[in-house]
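Chemist: Take a look at this one; I'll ask things after.
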Amino acid sequence: MGATIQLLGRPGIHRPGGPGPRPRGRKTWALLALASLSERPVPRHRLARMLFPDAEDAPAALRWSLSELRRGLRPDARIDGDPIALDLEIGTVVDAQLVLSGADPLSFDAEAGDLLAGIDLADCPEFDFWLSEQRERVRAAMRSTLRAAIGARLGEGRPAEAVPLARRLVRLAPLEEQSHELLVRAWAASGDRLAAHAAAAACTALFRRELGVQPSPRVAQAFATGGLTLLPDGRRLMVRLEVEAGKAALAAGAAADGLERLRSAVAMAVELGEARLEGEAQAALGAALVHAVALTEPAGVAALRRAVELARAAGDRETAATAGRELAFVAVGARDGGGGALLRAARELAGDDDGKLSAVLGVEAFALADSGRAGPAAARFGRSVGLADRAGEPRKAAWSLTLLARAELTGGDLAAARDHIGLARDLVSAERWTAFRPMVLAVAAELDLHEGRLDDAGQQLAAAWTTAVRLADPCWLSVTGRGLGMLAARRGNPAEAMQWLDGAYHRTTDRPPLICRWMDAATLDAICDVATAFRLPRAEAAVAELTALSTKARLPGYAAKARHYRSLLS
């Protein structure tokens, strides 16, 4: 068996015996794509013009890229001549060629991504145009190949094999009705009526939102393929299933997919006209937006307010408590002064529900810690953890333990902070709660910094940063960027430290904050620390800014730190 040359997604060469040399350079991979997908061998002078239009010696640059390709392709393929031709050894394949030839999707990775994903040569306009055309050509061939494979499997009575292919087709062509029709048919033929209902409802919601139209009756009629009937009560169940699927996706770190599912759930609930159901969906969507997008995200706050209104009207105390607590969290995090009343209302709605009360106590403790009341904050965090344990809700326990450790770290109780962040880390790992992992790692890394374990801190922050970037969560990018800045300062690199810290700091002028104000204050505190320690010119301005922020946001601990920095500069 030969090698697979992957041009879809991140390019690479995969061999049965393990990885071999990897060609270096974006233009080297561009050259390989040109040689693989052009209808006939390409003359060297055209390749030089396409890939090195501004080079002083374009032929020499082309020769270097060819040398790199030969090194990486050997012994599975050869590339040479004028015009340039690619010769594959027996058994060696190029995934993009397989797609264009109409091969079965099982012979290549249909999930890999676009042709040469991440490689765009803006300085090579002729190649850039060629690549755009080829990407669309491959996408069209992929859609055609998937449709053929789905039809074949349905015709052969193998619907279970058709389902994953149809889901891939919907992701590739979300606004093509035939894609959704095939997915509904596949689910229906497999006998999974719930999934078939969900696929049809998701199609309807998507078309209404994006196109302003209803899909044709063919999508609903696809149920007949499996002998199913679309039932009104099935749509109610689908709303709740979409909500749960959205929450699971968010917890796993798939924010875009999770938000899409929650928006779909809200659209379906609105169509049904049931206040209680819409309230549940709006509460889930609002919580997701304020946690995953921005603390004061207007759409998130609006969804939470709508959820409270609907839940109260429907007598749904549980949803009202959830949405009310999230609104309180927004107010506390933004330090806008309205958090106290919202927390009292949330506590009243929580009643004697251990899980709901645990969450409210966690937010109350969060507010107390930022107000400088460490003792009452620790007591409430402890009660929150105990109630979460009793309710069997480990994620709520992990949240409170992490924020408790952060408060203890700020207060100098490093031993207690180490114990609590260790417990939180175990819970987050057991729960596979990817979406909260960067916060836990950032607190643990800061403890390592305080205790002089710089390499350990670096490893934890690197892992946290990788996850935060994938999540694109402004809160986690901020706390992790701050940690990386502090690490650079400890290693004696003030310039690098300030780059990280400036990137982590969100200056709030005329707009509401994107993240909790303590995160901004903590980053500004680190900026002041580095600026005063290394006598940087911006120290005076940074200390003045920390003074103003801590006063406006009523953060007494950071106000005291600002006074300390001021004394160092006087």
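Chemist: Across the stretch 157-167, in residue order, what do the Karplus-derived ³J(HN,Hα) couplings come to in whole Hz, using 6.51 cos²θ - 1.76 cosθ + 1.60 with θ = phi - 60° and x for Gly and Pro?
Modeler: Listing the rounded values in order: x, 10, x, 4, 6, 6, 4, x, 5, 5, 5 Hz.
Chemist: Residues with amide H under 5 Å of VAL94's amide H, sequence separation 5 or more or different chain, H placed in the peptide plane at 1.01 Å from N; which?
Modeler: Long-range HN contacts for VAL94: ILE5.
Chemist: Right, something else. Can you give the convex hull volume per residue for the Cα atoms of the stretch 363-486, as a whole number of Å³?
Modeler: Per-residue hull volume (Cα only) is 98 Å³.
Chemist: Helix-derived [θ] at 222 nm for the chain: sum -39500 (n - 2.57) over DSSP H runs of at least 4, divide by residue count, nearest 500?
Modeler: Result for the chain: -23500 deg cm²/dmol, rounded to the nearest 500.
Chemist: OK, next. Once you have the Kirkwood Rh of the stretch 317-432 from its Cα pairs, apply Stokes-Einstein at 4 °C and 1.567 mPa s and quote D in µm²/s.
Modeler: The calculation lands on 92 µm²/s.
Chemist: Now for a different question. What angle do you read, to the nearest 10 degrees and between 0 and 90, between the alpha-carbon axis of helix 354-370 and the longest principal axis of the chain?
Modeler: With rounding to tens, the tilt is 70 degrees.
Chemist: As a test question: what accessible area, to the nearest 10 Å², does LYS247 have when a 1.4 Å probe is rolled over all protein chains in place?
Modeler: 100 Å²
Chemist: Once phi is turned into ³J(HN,Hα) by the Karplus curve 6.51 cos²θ - 1.76 cosθ + 1.60 with θ = phi - 60°, what whole-Hz value does each residue of the stretch 464-472 show in order, with x for glycine and proline?
Modeler: 5, 5, 4, 5, 4, 5, 5, 6, 6
Chemist: Further, regarding this structure: Taking Cα atoms, how many degrees apart are the long axis of helix 232-251 and the longest axis of the chain, rounded to 10 and kept between 0 and 90?
Modeler: 80 degrees
Chemist: Give me the extension gain from ARG470 to ARG373: residue separation times 0.36 nm, minus the current Cα-Cα distance, reported in nm with one decimal.
Modeler: 31.4 nm
Chemist: Considering the Cα trace of the chain, what is its radius of gyration and what is Dmax, both in angstroms?
Modeler: When restricted to Cα atoms, the chain yields Rg and Dmax of 28.1, 83 Å.
Chemist: Moving on to the next point. Between VAL42 and residues 5 or more places away or on another chain, which pairs have amide H atoms under 5 Å apart, with H built 1.01 Å from N, and which residues are they?
Modeler: ILE84
Chemist: Now for a different question. Using only Cα atoms, find the angle between the long axis of helix 539-552 and the longest principal axis of the chain, and express it within 0 to 90 degrees, rounded to the nearest 10.
Modeler: It is inclined by approximately 70 degrees.
Chemist: Near the amide H of LEU115, under 5 Å away, which other amide H atoms are found, from residues 5 or more places off or on another chain, if H is placed in the peptide plane?
Modeler: Under 5 Å from the amide H of LEU115 lie the amide H atoms of GLY9, each far enough along the sequence or on another chain.
Chemist: Please report the projected area of the stretch 419-542's Cα convex hull averaged over all directions, in nm².
Modeler: Mean projected area for the stretch 419-542: 7.9 nm², to one decimal.
Chemist: Another question, then. Enumerate the calculated ³J(HN,Hα) couplings along the stretch 338-344 in order (Karplus 6.51 cos²θ - 1.76 cosθ + 1.60, θ = phi - 60°), each rounded to whole Hz, writing x wherever the residue is Gly or Pro.
Modeler: x, x, x, 5, 5, 5, 4
Chemist: To continue, here is another question. How are the C-alpha pair distances of the stretch 98-141 spread across 5 Å bins, as whole percents from the shortest bin up?
Modeler: Going out from 0 Å in 5 Å bins, the stretch 98-141 shows 5, 21, 28, 21, 13, 9, 3, 0 percent.
Chemist: Further question on the same structure: Stokes-Einstein diffusion coefficient for the stretch 249-328 at 10 °C in a medium of 1.306 mPa s, Rh from the Kirkwood formula over Cα pairs: what value in µm²/s?
Modeler: 131 µm²/s
The values are calculated or read from the model by the stated rules, or taken from the named source; none is laboratory data. As the structure is a computational prediction, the values presented were derived from the model and not from experiment. We work out accessible area using only protein heavy atoms, side chains counted, and drop any ligands, DNA or RNA first. Shrake-Rupley method; radii C 1.70, N 1.55, O 1.52, S 1.80 Å.
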